[in-house]
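I have placed the structure first, in the form of structure tokens, so that the comments after it can refer back to it.
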Amino acid sequence: MIHIANYGEEPSYDITIDGIIVEKFKRMAIRIEHSRDVVVKHATFRNATDLGPGGSGYGISIQGTAKTDRLGFDNDTIWNVVENSTFEGPYLRHGALIQFVAHNNVLRGNTFNGTKLDAIDLHGEQEYLNEISGNVITDVLTGAGIGLGNTGGSAPSNHSKSGNGNYIHDNTITNSQIGISVTMGTPDTLIENNLIESTTTIADAAGIKVLNGPGTVIRGNVIRNNTASGYWGVRLERDKGDAGAGNIGEGNPENVLIENNRIEGNANGIGLFAGVGILLKANILNNVNEDYYKAAGVTVTEQ
């Protein structure tokens, strides 16, 4: 519907989109591509006409060039902001998407409700140093509130890992299958001071789920009152990778720090089903069934 891009000699920049409603679109309501300093605020996204694969049903996509970091070039995808906007399901596949090595962009203060898959999706195309903060996300029943890394896509731009240093903080996520997920080899994600609560009916759900996510830091989060069967506040397990792309992304969690989290009133607390070099420090656990589980072969240091 609205496409901000680099069509001529210079990219688009210094653009504000304020107070619009976008609906009845097929692919992307707004696409910010090879552009910088674009602000989208006070907008509403709803009622996409297609939720299928292949790039359909996205509220906003912030994207650069597949597999190519444009850092230092005029058409780098950098310094874009989406704030104080509303993404209304169920007819959105993803609410906001960052992909194709876009970096140093911000999604803050938005509301997401009932998207089909991940409400906020760092799409597994090496996007890095993005900040996701202060968003309110509810009722993502078949995905994550915030997801990093992805399977799927088609050659040569198969999805895989997100890039390093993405900062996920101070978000509130309610009644979602997974609150925050890190997969496919996504490195050095900081997950801090989020509130994840009140998942009561989605079986085998998790608050923060790390598969192949080396160097992930999970610090200062509150995960509470998630009583669905099989729920774990923090769950680490082996990543099977993408079977359709030669198991790219396969691996165990490595060097994950789980520190100063309050995990209370959930079906279960911390479940370490796979992992090496895991560090646990000063977490508060008070849950219904198991506070802590460690599978054989998992290496943990507890402080």
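The values are calculated or read from the model by the stated rules, or taken from the named source; none is laboratory data. The model shown is predicted, which means the values in this text are computed figures rather than measured ones. Cβ atoms come from the backbone with ideal geometry, glycine included; neighbour counts cover every protein chain shown. The area values use the complete protein model at the heavy-atom level, side chains included, leaving out ligands, DNA and RNA. Shrake-Rupley method; radii C 1.70, N 1.55, O 1.52, S 1.80 Å.
Numbers at a glance
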| quantity | calculated |
| --- | --- |
| Whole-percent carbon and sulfur share, accessible surface of the range 80-187, 1.4 Å | 50 |
| Solvent-accessible area of residue 14 with every protein chain in place, 1.4 Å probe, in Å² to the nearest 10 | 110 |
| Estimated dipole of the chain in Debye, rounded to 20 [Cβ of Lys and Arg +1, of Asp and Glu -1, Cα centre] | 540 |
| In sequence order, calculated HN-Hα J values of the range 59-65 (Karplus, 6.51, -1.76, 1.60; Hz; x Gly/Pro) | x, 10, 10, 10, 8, x, 10 |
| Accessible surface, the chain, averaged per residue in Å² (probe 1.4 Å) | 39 |
| Fraction of the pair-distance distribution of the chain above 28 Å, Cα-Cα pairs, percent | 34 |
| Per-peptide average of other Cβ atoms within 10 Å, ordering 162-173, 97-108 highest first | 97-108, 162-173 |
